[in-house]
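Read the figures in this text as sums done on the coordinates, not as results from a lab. Fair warning: this is a prediction, and the values are worked out from it, not measured in the lab. Virtual Cβ from ideal backbone geometry, glycine too; neighbours counted across all protein chains shown.
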Ligand SMILES: NC(=O)c1ccc[n+]([C@@H]2O[C@H](COP(=O)([O-])OP(=O)(O)OC[C@H]3O[C@@H](n4cnc5c(N)ncnc54)[C@H](OP(=O)(O)O)[C@@H]3O)[C@@H](O)[C@H]2O)c1
């Protein structure tokens, strides 16, 4: 009997890094698509920092993954069987298909057809997929960068941050990254074309950021939180915008992190701080794909994936790379 391999949530992880016993890799019978459904053979599973939050039983923007359920994940693959009028066998598609070998799904509206002639399959869960859409809408809609302004982004060499800074450049801004270590910083400036990148692991982040942003900071795209956000806040210009995209420094915290010590800057510099979740713009995804795809084709948007082998059994070890900076670009697991 044909089977499907799935990464299932086995138990709720306690605070801290996820351990192997929280997940089980199980074989289940392979389902056939029902009326209006498709079966997708998944090639790549996207590993995203948010996964740490998706397995916590706390109030969030999505319900927690249930015990025994397939781990929620963006995945990309090809339609293998279809009883859906809009999808045919062989179509390349991406969506929230889970961490598994095969997904049976109703498709629309969240199953997005992707064009393999424009970019390889894995890129559609990377810079042209959810992380790219997050950078696109988060920066343009929440950050609202104007030409000549300074945009700072943390986790700058990663999936979202790398795209944020490049869009900022395309929009005529000064792009400054914050990343961990000289190699990542060199990638951000020399390959991605940011104007500067500050190594937060080196001494005196505050002074280094000041040197990199001589005219202050107009837009901060926050991916990390904690000390990094605290260092950015006092350097924000009056009427600056802060897009809170992620707070990865606290995802594995064993006790609640303290609030920003420099919160006062919100008042004194009249800042606007807004959280964002990429699905807020679900109905505008084609717009992001159009612009990101065009910039990529023109060579103005560079995208780097970090594709790991080992298949679904390597899920936990690969996921945890995100929280130690072990990834170089969009982290993806080959199924
Ligand atoms: N709101 C949304 O809809 C949405 C959607 C997608 C992603 N996000 C958020 O965007 C952020 C980036 O996600 P991504 O997928 O692009 O991941 P990524 O940047 O490709 O990888 C995560 C990076 O975070 C940095 N990091 C990890 N722990 C850190 C710490 N304690 N202090 C400082 N930096 C740390 C590491 O880079 P260094 O080596 O440079 O430290 C690591 O490589 C995350 O916070 C994620 O939750 C939000």
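Pick from 64, 260, 120: which residue has the top mean-square fluctuation in a GNM of the chain where Cα pairs under 10 Å get a spring?
Among 64, 260, 120, the largest mean-square fluctuation in the Gaussian network model of the chain belongs to 120.
How high is the relative contact order of the stretch 115-221, in percent, counting Cα pairs under 8 Å that sit 6 or more residues apart?
Answer for the stretch 115-221 is 26 percent.
As a footprinting exposure proxy, order 183, 149, 222 by other Cβ within 10 Å, with the fewest listed first.
Ranked by crowding around the Cβ, least crowded first: 183, 149, 222.
So how do 231, 324, 189, 117 line up by other beta-carbon neighbours within 10 Å, fewest first?
With the fewest neighbours first, 231, 324, 189, 117 line up as 117, 324, 189, 231.
Using Cβ counts within 10 Å as a stand-in for footprinting exposure, how do 130, 1, 17, 273 rank, fewest first?
Ordered from fewest to most neighbouring Cβ atoms within 10 Å, 130, 1, 17, 273 come out as 1, 17, 273, 130.
For the chain, what does the relative contact order come out to in percent, with C-alpha contacts under 8 Å and a separation of six or more?
Rounded, it is 18 percent for the chain.
By the gyration tensor of its Cα atoms, with a ≥ b ≥ c the square roots of the eigenvalues, what is the shape of the stretch 130-278: rounded for a/c under 1.5, prolate for a/b over b/c, or oblate?
Cα axes put the stretch 130-278 in the rounded bin.
Mind checking which of 191, 150, 134 has the largest fluctuation in a GNM of the chain, springs on alpha carbons under 10 Å?
Of 191, 150, 134, the Gaussian network model singles out 191 as fluctuating most.
Can you give me the Cα centroid spacing of the stretch 81-141 and the stretch 155-178 in angstrom?
Centre-to-centre (Cα) distance: 24 Å.
Restricting the count to DSSP beta bridges whose residues both fall in the chain, what percent are antiparallel, rounded to a multiple of 5?
The antiparallel fraction comes to roughly 55 percent.
Picking from 143, 177, 68, which is most flexible by a Gaussian network model of the chain using Cα springs under 10 Å?
68
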